[in-house]
Structures are given as structure tokens and as C-alpha cells.
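Participant: Please read through the structure below; I'll follow up with questions.
Derivation of every value follows stated rules applied to the coordinates shown; laboratory data play no part. Just so you know, these numbers come straight off a predicted model, no measurement behind them. When we count neighbours, we look across all protein chains shown, and the Cβ atoms used for this are built from the backbone with ideal geometry, even at glycine.
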Amino acid sequence: MSTRRADKGTSVGAVDKAMIVLEAMSRHERDVSLAALAETVGFPKSTLVRLLRTMRRHGTVQQDPRTRRYRLGTALIHLGKAAERQFDLERIIRPYLAELTQSTGETASFAVLEGDRAVYLAQVLSDSIIRGVPPIGAELGLHCTAVGKVLLTSFSEEQIESLVREHGLPRHTEKTIVNAESLRKELKRIGTKGYALDDEEAEPGGRCIAAPVVDDRSRVVAAVSITGPSARMPMNEIENLAAIVVRVAQKVARALREENVHFE
């Protein structure tokens, strides 16, 4: 998973760096040398040594006294177990995704924002042999997917401008939205309709319908979707399918609020 893009207005530099180091170390199957880690994260060794020294004090990093190589610390195991107890997303969401798949016959997914991408965190696959859906953990473009466009409705105008300036709007098919004005119109339409449609914009022959999951402050924090081949999701059925997706997304939102699950 890619490193989250820091919000320049609110981020703490040292914390950002520490998270980048942890993510880099998690990609190594074994312990790693200071030189190799410095090359991976792109920090000066002096900066990295100070970070690692602090992280060692908190148990998030360990250093082999003989080889001087670094590995993730046991404190992360305890944090992970605590997070698992507090954030049992699969247990909460899966029944609703299963309901959505049963009602529509298509693969149902739950996605959240990760930096400048949408990422599937939970999924129930269709029984159909033909599905072609990105797996859990896959990173999806925001401007060309239904879940991505739903998540973009939470962006301010300044954030939209920054996204377009930094990453552009790459074309994936002849239907992909590739200019900012068209994207703004699409986001306005989504706000009015209450759902987003990917009509072969990310991949030819594929359609996806997504609806927002909102928190107790009416903020869009996630998206629920169905994905399938356009032949099985004809345009004259989109409104009916979208109504089912919206209904299930609302159920997911209620369940997350009841379980006191928050996305920041």
C-alpha cells in the first residue's frame, strides 16, 4: 500500500517520517541495514538514526546488537491486536456486502481513501466466473472509478485542484474523464443522484456503481460498490441497481456508527 499523502496544513513532519520508515520496513521480509533503509526512504542517515533511536524507545523498532540491523518491534504486535479488537471491519461489513451480492449477483466491495487512491478493504465476490474485479488492497484511481468518484465528493475545491495539478487525470479508456471541468460536473451529479457510475471509464467492458458511506457528521468516509461486466449491468438497469447499492451503503453507515468505528 502506498504511503499516505501528507496534508501540508496539518501534518507533523517527524510523525510523517516515522510512518514512512515503518511502511518501508514492513516491505522487507527480514531485518534491514541502515544504509538500505536510508536508500529506500530517501532520508539522510543522520535523520534516520535519530528517528530509529526514538522508535526503539517506544518498541516500534528493534535493532540486533550484533549485526546492527533493524526490524519492526514487538510493540506493533500489541498495537495491531488492539486495533483488530477495536476495528473488526470484516465482521461488521461482510454481512452487508453479502446481502448486496445476493441482491444484485455482482461483486460487492467496501473502499476507503488512501492518499490519492481508493483502496478496497472488504469484498464479497460474485458467483459468476466473469467478474474481473481488483482484489482487496488494490489501489484505484479516483477520477475513473465509481468508488473513487464517491470519495472525491468529500474533497474541497482546493483539494480537487491539487489532485489534478499533481497527478493529472490519466485516460484509461475513451470514456475516462480527462478534464477538471467535466470532473466537477460529474461530482455535482453524484451529489444530486446519490451514487456514482463508472461506465467503462477504468476498463472497457466493465461497469461499477458506488454509493457513499457517511459518518455522524454527514462526511463521506467510505464507499460501497458493485462491479460487473457491462453486459450484465445494462444502462436500463442502473437506476434499480443503484437504489440497492444506496440502501446497503446506508446500512453499512449505521452499523459503523453503532460500532463506533471512525475514519480520520
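Participant: For region 134-193, what value does the Rg/Rh ratio take when both radii are computed over Cα atoms and Rh is the Kirkwood radius, given to two decimals?
Facilitator: 0.95
Participant: Something else: As an exercise, take the mean of 1/r over every pair of distinct alpha carbons in the chain, invert it, and state the Kirkwood radius in angstroms.
Facilitator: Every distinct Cα pair counted, the radius reaches 20.2 Å.
Participant: Also, quick follow-up: Each residue of region 198-210 in turn: what ³J(HN,Hα) in whole Hz from Karplus with 6.51, -1.76, 1.60 and θ = phi - 60°, glycine and Pro shown as x?
Facilitator: 9, 9, 6, 8, 9, 8, x, x, x, 10, 9, 10, 9
Participant: Further question: How far is the Cα center of region 161-189 from the Cα center of region 12-27, in Å?
Facilitator: Comparing the Cα centres of region 161-189 and region 12-27, I get a distance of 30 Å.
Participant: Where Lys and Arg each count +1 and Asp and Glu each count -1, what net charge lies around Ile136 among other residues with Cβ under 12 Å from its Cβ?
Facilitator: Surrounding charge for Ile136 is -1.
Participant: Enumerate lysine pairs in region 87-258 that are 8 or more residues apart or on different chains, then count those whose Cα atoms are under 14 Å apart.
Facilitator: Going through region 87-258 pair by pair, I get 4.
Participant: Sort Glu39, Glu200 so that the residue with the fewest other Cβ atoms within 10 Å of its own Cβ comes first and the one with the most comes last.
Facilitator: So the ranking, lowest neighbour count to highest, is Glu39, Glu200.
Participant: Something else: Counting Lys +1, Arg +1, Asp -1, Glu -1, what net charge surrounds Lys251 among other residues with beta carbon under 13 Å of its beta carbon?
Facilitator: Summing Lys and Arg as +1 and Asp and Glu as -1 gives +1.
Participant: Under the rule of at least 5 residues apart or a separate chain, name every residue whose amide H is placed under 5 Å from the amide H of Asp116.
Facilitator: Counting only residues 5 or more places away or on other chains, the set is Arg5.
Participant: Same structure, new question: Within the chain, what's the longest run with no trypsin sites (Lys or Arg not before Pro) in a DSSP loop and at most 13 other beta-carbon atoms within 10 Å? Give the range, please.
Facilitator: That would be 69-170.
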